[in-house]
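The values are calculated or read from the model by the stated rules, or taken from the named source; none is laboratory data. These numbers were taken from a predicted model, which means no experiment stands behind them. Here the Cβ positions follow ideal geometry from the backbone for every residue, glycine too, while neighbour counts run over all protein chains shown. Surface areas here come from the heavy atoms of the whole protein model, side chains and all, with no ligands, DNA or RNA. Shrake-Rupley method; radii C 1.70, N 1.55, O 1.52, S 1.80 Å.
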Amino acid sequence: MGRASMIMVMSYSTVLMMMGYNISKVSTQAYENYIGYYDRTNAHNIVASAANMAAYQLYDSAQWRAGFTDKPIFGGTATATITQQLNADSTLKLHIVASYKTYTDTVIVILRPSSFSKFSYYSNIEGNIWWTTGDTVWGPIHTQDYLGVANSPVFMGKATAKLGLEKYNKSATPQFLGGPFEGGVDIALPSNLNQLTAAAAAGGRFINRTDSAEVRITFNGDSAVVRYGPNPPDTTVYLPTWAPNGAIVVRGGNLRVKGNVNQSLTLGAIRAPGQNEWNNTGKVRFDDNFTYTVDPVLYPDSNTTTIVGVVAQDSLVITDNSANDPDIKIHAALFSLEKGLGAEHYNNNNERGKIELLGGITQNKRAAVGTFSGGSITSGYSKRYRYDERLRSIKPPFFPSTGSYEVLSWYER
Amino acid sequence: MGSSTILDIITSVVISGFLLLSALRLNDQANETSILYNTNLTLQENMTGLTSLLEHDFRRLGYCSDYTKIPDPSQAIREADTSSIRFMIDLDKDKDIDSLMYWVGPTSEMSSTVNPRDRVLYRRVCITNADGTVTKTTERLEMGVTQFRMKYFGVLGDTLTSPVAQPNAINTMEISVQIESFAPFDVRYDAAQVDTTTGVHADFQMYWRQIRLAARNLRNR
C-alpha cells in the first residue's frame, strides 16, 4: 500500500512538473517574444537617432565626412559612414548601422547639395508684397525676408522664410499644403558666382570680355550661333563640344539669348573684377523666346531631362523689342544675384502681353515687369509663371548651390 | 478484519478522494493556465508580426530608391481614411514606384470564428514591374484584428477630418491596432471580464498604438 502510494505520488508529481515546465516554457517564449520586439525597436531607435545626428552634422558643416564609429547611444552603438557618389548630382550616401544586443538595424540616407534651382520662388528682399487670395504657388518657396500673407493664398510646396510669417491682418489664413511653414530658415544667396565661373573655365565655355561688349547667342537645339559684339561675324558652334560640361559664362559684358535648346546648360553673365553696376555688365537679356526644343509640359511622355539655368550677377532683362511683343516664353531656372527679373521700359504705356515662364525664379529683389490699374495691365507684361516640376529632382549644371545638403531619400530597413 | 481495519479503509478512501479532487482541480487550473499562456503567446506573436510589418511599410512611406521618380514626396499619400490608407512606396527597391494599401473588412467576413469582432486586415501591394506592367497582390491578414484605426494630423498637430481631402496636408499619423483571440476560453468575451480602467482583457486582447508616426520621406527636399 505504501509503495503504491509512493509510486502514485511520484507519478503525479512528474506529470505536474511536466505541465509546469510546459507552462513555464510558454510563458518564457511570450516574454522572449516581447523582449525581442523591444530590443528590435531599441535597435531601430538607435539607428534612427544616429542618422539624425549624422544628418545634422552634415547640415551644420557641409564638408563633414568623418562619420563616427561605435558611438554609444542608448545602450547600443552606431557607426556612420559617408561616401561621395560619382553621379551628376554629386550625391552623398550616409550609411548608418546600429547594434543593440544581438540586433542590428540600418538606415541609408541619400543627400545632395541643395541648389537654388529647386525654388519656384526665392527672394532676398520681399519689399511690400503680400501674397493673397488667388495666389497659388507651386513648388518650394523661400524668402530671407518676412513672407507676407493676406487673406488666403495657397502654397502647394514647402514654404520657408528667414524672418517668419507676417499676416496682413488677423483674418489671414494662408494654406500651406506642402508641409509646415518654417520660419527662421536661413538660406542666404551666395556672395559670388565663382563656382559657375570656375566650371565654365575648366570644362565649359568662359568668354572674357575686356570691352564690356555683349555676347549674343541664338540657340538651335544642340547648336548655337554666337556673335561677339553687336555686329557679325557669327560663329556656329556645336554645344556638346563647345561647352562640354554645360557651363557658359560671359565675364565683363552682357549675354543676350534667344532660341531653343536641347542640351542641359547654365548660362551666366558676371562683371569683371573692378566693375560695378554702373558699368552696365553682368546682365542677361532675353531678346526673344528662349525655350526647350521639346516642351516638357506639352510632351510629358518625352521624359526630357534637358534643364537650363540662366544666371546673372546683375539683372535678368526682357528686351523691349518687336520679337517680345506680344508675349515672351522663357523655359529656365532663373537666378539674379543682385537684382531680379524685370522688363525693359516696363512702364512706357505699351501693353506687351504676358511672360510665360516655365521654371523658377531666384532673385535678390523682385523687379517690375509691368504696371497695372484696377487689376488690368496698362503697360509691360502680365505674368504666367509655371513651376517646372522636374526642378525638384534635377538641376542645371553648376547652378548656384545653397551651400548645404538636402535629403533626397531616407531608407529604413 | 476488525473495526480498526474498516476505519483504516474508510479513512484512506476519504483521503484518496480528497487527493483525487485536488488533483482534478489542479489539472483544471493547469489546463486553464496553459491555454491562457498559449493564447497570450499567440496574440503576442501575431501582434509583433503585424506591427513589424506595419512599421516596415510605414517607415518607407514615400521612399523610392530612384529619387527622381518621386520628385515631390509630400504627395506620397494618395488616400487617407479612418480605417484605410493608400500610399506610394518602392517596396522592392527596384527604382520603380509601387503602391500599398491597407484596409479592414467587415466582421461578417470572419463569421467562422467564435469572436464576433474580428476582421480581415487587407494589404494590397501593386508592384510596378520593369516593363511597366503592374502586379497586384492582396494579402488577407487574418490575425484577429478587431481594430485598425488611423488618425491624421496637420502641420500644427491639429487633427485632420477623415477622409482627408488633401492628403499632402498630413504631417504625422497615429496607428492603433487591437487584436483578439479567435475563440475565448470559458466564454470570457463578456464585458464583465474586461478591465474597466484599460478596457482591455489581458488574456484575450492586445493593443498597439504608434503615436505621431512621421514618415521621414514625406518632408524631404
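Summing +1 for each Lys or Arg and -1 for each Asp or Glu among the other residues whose beta-carbon sits under 13 angstrom from that of A:Lys118 gives +1. Per residue of the protein assembly as shown, what 222 nm ellipticity follows from adding -39500 (n - 2.57) for every DSSP H run with n ≥ 4, rounded to the nearest 500? After summing the helix terms and dividing by the residues of the protein assembly as shown, the value is -7500 deg cm²/dmol. Heavy-atom accessible area, probed at 1.4 angstrom with all protein chains present, ranks A:Met8, B:Met173 as A:Met8, B:Met173, highest first. Centroid-to-centroid, using Cα positions, segment B:35-60 and segment B:144-188 are 16 Å apart. Remark: for residue pairs A:Lys71/A:Lys118; B:Lys69/B:Lys93; A:Lys93/B:Lys136, the C-alpha separation exceeds 23 Å in A:Lys71/A:Lys118; A:Lys93/B:Lys136. For segment A:183-189, 3J(HN,Hα) computed residue by residue from phi via the Karplus equation (6.51, -1.76, 1.60; θ = phi - 60°) reads x, x, 8, 9, 10, 7, 5 Hz, glycine and proline entered as x.
If you line up the long axis of helix A:194-203 against the longest principal axis of chain A, both from Cα atoms, how many degrees apart are they, to the nearest 10? Here the helix axis deviates by roughly 80 degrees. Annotation: amide H of A:Lys383 within the under-5 Å range of A:Ile355, sequence separation 5 or more or interchain, hydrogens built in the peptide plane. Using a ≥ b ≥ c from the Cα gyration tensor of segment A:281-367 (square roots of the eigenvalues), is it rounded, prolate or oblate, where a/c under 1.5 gives rounded and otherwise the larger of a/b and b/c decides, a/b for prolate? Verdict is oblate for segment A:281-367. With the whole protein complex present, A:Ser99 retains an accessible surface near 40 Å², based on a 1.4 Å probe.
Subtracting the Cα-Cα distance of A:Asn348 and A:Thr235 from 0.36 nm times their residue separation leaves 37.2 nm of extension gain. With protein chains left intact and a 1.4 Å probe, residues in segment A:23-110 average 52 Å² of accessible area per residue.
In this simple spin-label model, placing a label point 7 Å from the Cα along the Cα-to-Cβ direction at both B:Ser112 and A:Thr106 gives a separation of 3.9 nm.
Normalised by 2.2 N^0.38 Å, where N is the number of residues, the C-alpha radius of gyration of segment A:16-64 stands at 2.15. Calculate the mean, over all residues of peptide A:173-183, of how many other protein chain Cβ atoms lie within 10 angstrom of the residue's Cβ. Across A:173-183, the average partner-chain Cβ count within 10 Å equals 4. How large is the translational diffusion coefficient of segment B:1-124 in µm² per second when you combine the Kirkwood radius over alpha carbon pairs with Stokes-Einstein at 37 °C and 0.692 mPa s? Roughly 164 µm²/s, to the nearest whole number.
Kirkwood analysis of chain B, using all unique Cα-Cα pairs, places the hydrodynamic radius at 20.8 Å. Across peptide B:30-41, the mean count of Cβ atoms from other chains lying within 10 Å of each residue's own Cβ comes to 5. The heavy atoms of A:Glu406 present about 10 square angstrom of accessible area, all protein chains included, probe 1.4 Å.
When Rg and the Kirkwood radius Rh are both evaluated on Cα atoms of the protein assembly as shown, their ratio Rg/Rh stands at 1.18. With a Förster radius of 22 Å applied to the C-beta separation of B:Lys95 and A:Glu406, the computed FRET efficiency comes to 0.65. Buried on complex formation within segment B:140-162 (loss of at least 40 square angstrom of accessible surface versus the isolated chain, 1.4 Å probe, ligands and nucleic acids ignored): B:Val155. Counting protein heavy atoms only, the protein assembly as shown has 53 percent of its accessible area on carbon and sulfur, 1.4 angstrom probe. A Förster distance of 60 Å, applied to the separation of the beta-carbon atoms of A:Ser322 and B:Val134, puts the FRET efficiency at 0.70. Across segment A:302-412, Cα pairs under 8 Å and at least six residues apart give a relative contact order of 26 percent. Within segment B:33-107, the trypsin sites (Lys or Arg not before Pro) that combine a DSSP coil assignment with at most 16 other C-beta atoms in a 10 angstrom radius are B:Lys93, B:Lys95. Relative to a virtual label point 7 Å from the Cα of A:Asp295 in the Cα→beta-carbon direction, which members of segment A:247-283 show backbone nitrogen distances below 17 Å? Label zone hits: A:259-262. Summing Lys and Arg as +1 and Asp and Glu as -1 over all other residues whose Cβ lies under 12 Å from the Cβ of A:Thr235 gives a net charge of +2.
By the Kirkwood approach, averaging reciprocal distances over each pair of separate Cα atoms, segment A:254-413 gets a hydrodynamic radius of 16.7 Å. Considering only A:Thr236, A:Trp278, A:Asn348, the residue lying farthest towards the positive end of the dipole of segment A:213-356 is A:Trp278, judged by Cα position with unit charges set on Cβ. Buried area at the A:B interface is about 3500 square angstrom, summed over both chains, from accessible surfaces computed with a 1.4 angstrom probe.
Per-residue shielding of B:116-128, expressed as the average number of other chain Cβ atoms within 10 Å of the residue Cβ, stands at 0. Amide H contacts of B:Leu160: B:Tyr152, B:Phe153, B:Gly154, each under 5 Å away and 5 or more positions distant or on a separate chain (H built 1.01 Å from N in the peptide plane; Pro and chain starts excluded).
On a C-alpha basis, how far is the centre of segment A:42-101 from the centre of segment A:331-410 in Å? Whole number, if you could? After rounding, the separation between the Cα centres reads 37 Å.
Positive contributions from Lys and Arg (+1) and negative ones from Asp and Glu (-1), summed over other residues with Cβ under 10 Å from the Cβ of A:Glu412, come out at +2. Taken per residue, the accessible surface of chain B reaches 50 Å², heavy atoms only and a 1.4 Å probe. Can you pull the accessible area of B:Tyr37 for me, 1.4 Å probe, Å² to the nearest 10? Roughly 90 Å² of B:Tyr37 is accessible to a 1.4 Å probe. Here the Karplus relation 6.51 cos²θ - 1.76 cosθ + 1.60, evaluated at θ = phi - 60°, turns the backbone of segment A:226-242 into coupling constants of 10, 10, 8, x, x, 10, x, x, 9, 10, 8, 10, 9, 4, x, 9, 6 Hz, with x for every Gly and Pro. A Förster radius of 30 Å, combined with the Cβ-Cβ distance separating B:Trp208 from B:Ala165, puts the computed FRET efficiency at roughly 0.60. The dipole here belongs to chain B: it is taken about the Cα centre, uses +1 on the Cβ of Lys and Arg and -1 on the Cβ of Asp and Glu, and is about 800 debye.
Going from the chain on its own to the full set of protein chains, segment B:45-85 has these residues losing 40 Å² or more of accessible surface (heavy atoms, 1.4 Å probe, no ligands, DNA or RNA): B:Thr48, B:Arg59, B:Arg60, B:Tyr63, B:Tyr67, B:Pro71, B:Asp72.
Taking Cα atoms only, the orientation of helix A:2-60 departs from the longest principal axis of chain A by about 20 degrees.
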